[in-house]
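Worksheet for the structure shown next.
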């Protein structure tokens, strides 16, 4: 019983730590818009290094989920 309670408390502390990290790394709307603009500009420029475009995409996109159903593809993009 003690170990189960301890694990529960440790799990809760871990969730709180994750929430604090999100709050500490939150960006303002202006910062988000600047990151989106930088990504868009790089994406639309032919001579930008693909690694730079990838780095800029990672600054804007948290996760991309997709579901393939035959020839159909559903994308769900989670932004930071």
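The values are calculated or read from the model by the stated rules, or taken from the named source; none is laboratory data. Keep in mind the model is a prediction, meaning the values are calculated, not measured. For neighbour counting, all protein chains shown are included, and Cβ atoms are generated from backbone atoms with ideal geometry for every residue, glycine included.
Some notes on this structure:
- Selection from the stretch 40-51 of residues that are surrounded by 12 or more Cβ atoms within 10 Å (Cβ to Cβ) and modelled with pLDDT under 90: 48
- Criterion violated by residue 4 - all others in (1) part of a helix (DSSP H, G or I); (2) surrounded by 10 or more Cβ atoms within 10 Å (Cβ to Cβ) satisfied: (2)
- Cβ pairs under 6 Å, 6+ apart, first in the stretch 25-37 and closer than 15 Å to residue 62 by Cβ, second modelled with pLDDT of 85 or more: 35/59; 35/60; 36/60
- Pairs where the first residue, in the stretch 57-79, is assigned to a helix (DSSP H, G or I) and the second is surrounded by 10 or more Cβ atoms within 10 Å (Cβ to Cβ), C-beta under 9 Å, 6+ apart: 57/39; 57/42; 57/43; 58/80
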